[in-house]
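Please read the structure below before turning to the comments.
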């Protein structure tokens, strides 16, 4: 039942995720996985439970955390016998993270990279991958941060309904060790 650009529910284009409760909710790998599943299509607790092979109670708990953080919402309901089934969708198609605490940035970055690693492990095709270390000046670091953001923006804007599902992970960070 697509209604909006190939999606089955309406959502804002972007949401700035900056509130501590939102950042904490997104720092959990399972909740991040739920958010990803709700990107294009609304799903019920039952559907998510079956798709992830996780008990409904566990899924329901995490959905409540995401809903309380205003990251997801009930987009429709339907009656199934004597029960009202809720279908959840994201509050926005794209979440942009804004953190002031470096610990929040590290936690979100680590969750993102773990998610990417999980996707790479089962991906049918992987291309263009590398981990490069270099010693950079602050000016160079800022320049690469801007270029990384531009690459992510270009990739995101190329999203086409009906296109092949694809992922891109990119990041620049100061390394702990001097093994460049």
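The values are calculated or read from the model by the stated rules, or taken from the named source; none is laboratory data. It should be emphasised that the depicted structure is a prediction, and the values quoted were computed from it without experimental measurement. Reconstructed Cβ throughout: ideal geometry from the backbone, glycine too, with neighbour counts over all protein chains shown.
Counting only residues that are surrounded by 15 or more Cβ atoms within 10 Å (Cβ to Cβ) and under 18 Å from the mean Cα position of the chain (by Cα), how many does segment 53-67 have?
Residues that pass the stated criteria total 6.
Among the residues that make up segment 40-51, is at least one of them under 18 Å from the mean Cα position of the chain (by Cα), in a helix (DSSP H, G or I) and within 19 Å of residue 99 (Cβ to Cβ)?
no
Within segment 125-140, is there a residue that is outside the structural domain of residue 19 (by TED's automatic domain parsing) and surrounded by 13 or more Cβ atoms within 10 Å (Cβ to Cβ)?
yes
Applying the selection to segment 92-114, what residues are surrounded by 16 or more Cβ atoms within 10 Å (Cβ to Cβ) and more than 13 Å from the chain's Cα centre (by Cα)?
Passing the criteria: 99, 104, 107.
Find the strands (runs of 3 or more DSSP E) located wholly in segment 52-146 whose residues include 2 or more that are modelled with pLDDT of 90 or more, and list them.
72-80, 83-90
What are the pairs, 6+ residues apart or on separate chains, where a residue within segment 160-180 that is at negative phi and part of a loop (DSSP other than H, G, I, E, B) has its Cβ under 7 Å from a residue that is exposed (fewer than 10 other Cβ atoms within 10 Å of the Cβ) and at pLDDT below 85?
Going by the 7 Å Cβ cut-off, there are no qualifying pairs.
So which pairs qualify, if the first residue must be in segment 23-39 and assigned by TED's automatic domain parsing to the domain that holds residue 103 and in a loop (DSSP other than H, G, I, E, B), the second must be buried (at least 16 other Cβ atoms within 10 Å of the Cβ) and modelled with pLDDT of 90 or more, the Cβ gap must be under 7 Å, and the two must be at least 6 apart or on different chains?
If the second residue must be buried (at least 16 other Cβ atoms within 10 Å of the Cβ) and modelled with pLDDT of 90 or more, the pairs left are 38/72; 38/88; 38/89; 38/90; 39/90.
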